[in-house]
Amino acid sequence: KSQYTNLISDSEMLTKDLSVWNPKRYLNIWVVSSIDKGMGSGTEAGYAYLASDVSNLADPNADGIVVDYIFFGRNTPYGIANYNYGRTTTHETGHYFNLLHTWGLDGPGLDGCTDGNDDVDDTPPCDGAYYSKYQGKIADSCDDPIQCGNNLRLVADYMDYSQDRCMDIFTKGQIARMRQAILIDRPDLVSYENAVFTGLQSLYLQYNQPVADALDIAPNPSTGTVYIYPDFLENENADLYIYDQLGRMVAHTALNLKNEKTAVTVPNASTGIYNIILITPKQTYRQKQIFQMN
């Protein structure tokens, strides 16, 4: 029915509950015929909830991205000129992983130059929302004004409001912020357990190769306690996960490691073979572990 595909902010779950998948395991994207998010019109291109705001949602199933169909996809027959490269979904995915607009939060007194910022060091300060226009195939460029003193506005950034042809970059700082959002606010999405559940175990292991010469975990077999022997150049935060052979997580602990022996005890462990996954911002380590309980 048409009333279900016109998303209204005051009753968004009426639409979302029709097709929501577990947001702990999947990124939900709802493509709708129009969006009214408290603005009194159906002209909003899309929206998403910040990763840091998920714990405050009245309904956890609201988590995800909503996009008006005329702004979704690349070169679709339904798209509109200058906004048909799919950048709206890219922009909203940035929000999903905790990125703010390049000028920071919107609100009274927050101009992006002297008040308010996006908490990313390598995006230049800029003055509020700006809709950069593509100058055409001959110039193949977009207007990029000088703002906030002597700063060239980075109109190519996905978190600005430029036309789609102008956007093609996340900065290194934004990438680091998104990765941090995954580790802190959305760790279940990229966990080994979820890779097994969603059928992506082989892909997970392909991109998370073990590095045996930088870290050892011993003894093996053990009686429920393992010792981590890291050889890191600097302190690194780490998450250690232990899974049974069915892919069920039986233990998880957060650690800070450098080059000191660290003990981890698994409560209520039973005899069997387990998979140990230790994830740092730089590497992922994996080994099979045998527990022989008395």
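The values are calculated or read from the model by the stated rules, or taken from the named source; none is laboratory data. If you're wondering where the values come from, they're calculated on a predicted model, not measured in any experiment. Don't worry about glycine lacking a Cβ; one is built from the backbone with ideal geometry, like all the others, and counts go over all protein chains shown. Areas reflect the complete protein model, heavy atoms only, side chains present, ligands, DNA and RNA absent. Shrake-Rupley method; radii C 1.70, N 1.55, O 1.52, S 1.80 Å.
For the range 142-226, give me every one of the helices (runs of 4 or more DSSP H) that falls completely inside it and has 1 or more residues that are modelled with pLDDT of 90 or more and within 30 Å of A129 (Cα to Cα).
Those helices (runs of 4 or more DSSP H) span 172-185.
Consider the range 272-281. How many of its residues are surrounded by fewer than 19 Cβ atoms within 10 Å (Cβ to Cβ) and either within 10 Å of A238 (Cβ to Cβ) or among the hydrophobic types (A, V, I, L, M, F, W, C) (or both)?
Residues meeting the conditions: 2.
Please determine, by comparing only the residues of the range 227-236 that are more than 30 Å from D53 (Cα to Cα) and open to solvent by less than 40 Å² (accessible area, probe 1.4 Å), which one is modelled with the highest pLDDT.
I228
Six or more apart or on different chains, Cβ atoms under 6 Å: show the pairs whose first residue is in the range 23-36 and acidic (D, E) and whose second is open to solvent by 70 Å² or more (accessible area, probe 1.4 Å).
Close Cβ pairs (under 6 Å, with a partner that is open to solvent by 70 Å² or more (accessible area, probe 1.4 Å)) amount to D36/I8.
Which number in (1) in contact with a Phe, Trp or Tyr (Cβ under 7 Å, 6 or more places away or on another chain); (2) open to solvent by 20 Å² or more (accessible area, probe 1.4 Å); (3) without any contact (Cβ under 8 Å) to a residue 60 or more places away in the chain marks the one condition that C166 misses?
(2)
Which of the residues that make up the range 109-162 are in contact (Cβ under 8 Å) with a residue 60 or more places away in the chain and of a type in the set (F, W, Y)?
Correct list: Y158, Y161.
Please pick out the residue among M39, M13 that is farther than 19 Å from F72 by Cα and modelled with pLDDT of 90 or more.
From the options M39, M13, the qualifying one is M13.
From T102, T114, grab the single residue that is open to solvent by 20 Å² or more (accessible area, probe 1.4 Å), among the polar types (S, T, N, Q), more than 22 Å from K16 (Cβ to Cβ) and out of contact with any Phe, Trp or Tyr (no Cβ under 8 Å at 6 or more places or on another chain).
Only one candidate qualifies: T114.
Can you work out which of the residues in the range 70-79 that are under 16 Å from V32 (Cβ atoms) and of a type outside the set (G, A, S) is surrounded by the fewest Cβ atoms within 10 Å (Cβ to Cβ)?
For the range 70-79, the residue satisfying everything is Y78.
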